[in-house]
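**Q** First the structure, which I've put down as structure tokens, then a few questions once you've had a look.
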Amino acid sequence: MPVFKLRRITTRRALALILIAAVALTTYIVATNLPSQGITIRFEIYEDGRRITDIFTRSDVIAAVFIRAITPDGEVPVFVGQTRGAVHVPAAKLGPIAKNWTDIQRGRGNDPERFFTALIVSVAVVNKTSGKLILYATYFVDYPPAKIARGDTEVIYTLHIAKKRSETRGYVVKVDREEKGSPLLGYGFAALSPPYTEPPKDVWCEVVSPEIPSYICWYRKAWIGVENLTAVFPSSYFAVYNGKTYMKVPVIMAVNNFTASGSIEITISMLQTAAKFSVSAVLAVPADKGPSISLAGRSWGGELYYMGNSIFLGPTRSGWIWIYGRPVFASYDVYYEAPGWREYWGEENYFYIADIYVSNMIIISDKDFVLPAEIINFFYEGVTKQGPLTISGTALDDGKLDPGEYLYFSQLFSYYDKCGADFEVGIPVGAIIVAALTKNVQLTLATAAIKALEVSLSVEGANVYINGNIYNYGDHPDVPNDMNIAEYIVVAVGRYNYTAKDFWGNTCTYDVPAGLYIESR
């Protein structure tokens, strides 16, 4: 018997009264053109490149939406219900979560007005007569918590979701956004208390047909956050800031392999600009030819952040640069249920970083000259090394990096981003999470696929990228036994391709450099 959260079937009379009140309120809002404080999400569906205009008005079709809000610790369910093309999450519902975020940012000396977090939105469209799934999609919709905490703004998103006729999995190919300021006064919220930790494993269902009881249900079977990881990794991997535990998350891992080698330096920086610094989420679902893996929106980010670090490696040296983050993995089974009939729609797994530690707009990072053994062991199993690389129009156009030459990150990113998916530095969250999974949880998704998953650390903006480079010093005067010789660059990428789709449902596949792992030889 399905367990209901956030929605219960009541008496017919109560439903009628609620419906009348809802219609009256909707009529008032439309008549006065007042925005409804909070977040509104609209859905536009495309099949084989054609917009389906009647999908939400057909009497034989029903759609259910399940929304979770990311908190600094993970996620909180905030909505489950039906939709006829749009849903609204009121500021009163998101307010405590939004206020918690703004208080944290302000306490760190950051500007909460320039910060964003996300809602995790899943939508299922089903033929309620046959019970057959028409479309399923999940996306991370980023929103400004400071505006929601003030209660004076409605943010409206339109998710354009495309698929092929022969498929049920939909992909968000475009997001439109607009904001409406409210003439109503804002109002205050109490912060989340006590601090939110691991979500309880539970079930969320939505009614498809009350006449013949049937439901769409989300069963959460696994959730892993930082608190689960402290039992797996050494204590040196963690730091506590303002009462919260953060883990060292690799951004760059590098090895200068051989004795007969020059000295190399790898630099990464993100300057204070009007561009948005962000971390992408990753969605992985089983498919006929292995998991279908895609970037699925932004989970965390903001403007005017700064980050900078570098690592210098002589012959036979290795090292890594990290940031402090709170990685999260969640896994759901999705079912259609009716009397005497239960159909499994699939497994949904997603990875994201719920929070990154930032102080006074500076992303805290550091480096070490010993690779993280517990991460790297799983990492190697989930990647393929590509190279030596030859990239035309760069210092590697001849296949080698000579002394005094640079390979810029922007050149490396554009070489791999063949689909225009806007990813930059891969962060190997999969290799981190799988260490906990192997000790705690058995999943149907192959662990090799999980190891191959990376989220993306990016800068959004026209022609603005995370700055950085690989530089071959050759024979550096301060390093004994290095040589004035060329270096050959090898990059590790995930074993599974990522997918990007267009309005027609056509798939473009690409590789993502994993944690920007670099070998020189």
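The values are calculated or read from the model by the stated rules, or taken from the named source; none is laboratory data. As the structure is a prediction and not an experimental result, all values here were calculated from the model. These accessible areas exclude ligands, DNA and RNA; they are computed on the full protein's heavy atoms, side chains included. Shrake-Rupley method; radii C 1.70, N 1.55, O 1.52, S 1.80 Å.
**Q** For segment 157-171, in order, what is each residue's ³J(HN,Hα) by Karplus, 6.51 cos²θ - 1.76 cosθ + 1.60 with θ = phi - 60°, in whole Hz (x at glycine and Pro)?
**A** 10, 10, 9, 8, 10, 10, 7, 8, 4, 7, 10, 10, 6, x, 10
**Q** Using the Cα atoms of segment 68-181 to build a convex hull, what is its mean projected area in square nanometres?
**A** That works out to 8.1 nm².
**Q** Considering only protein heavy atoms, with the full assembly of protein chains and a 1.4 angstrom probe, order 504, 300 by accessible area, largest first.
**A** Output order, biggest surface exposure first: 504, 300.
**Q** Still on this structure, I have one more. Jot down the radius of gyration and Dmax of segment 210-357, Cα atoms only, both in angstrom.
**A** Values for segment 210-357 (Cα only, Rg and Dmax): 21.2, 76 Å.
**Q** Something else: In whole Å, how far is the Cα centre of segment 378-403 from that of segment 128-159?
**A** 40
**Q** Hey, which lysines would be in cross-link range of residue 418, C-alpha to C-alpha under 26 Å, not counting anything within fewer than 8 residues on its own chain?
**A** Hits, sequence-local ones excluded: 163, 164, 174, 276, 289, 385, 400, 451, 501.
**Q** Here's a follow-up. What figure, in Å² to the nearest 10, do you get for the accessible area of residue 508 with a 1.4 Å probe and non-protein molecules left out?
**A** That residue has around 50 Å² of solvent-accessible surface.
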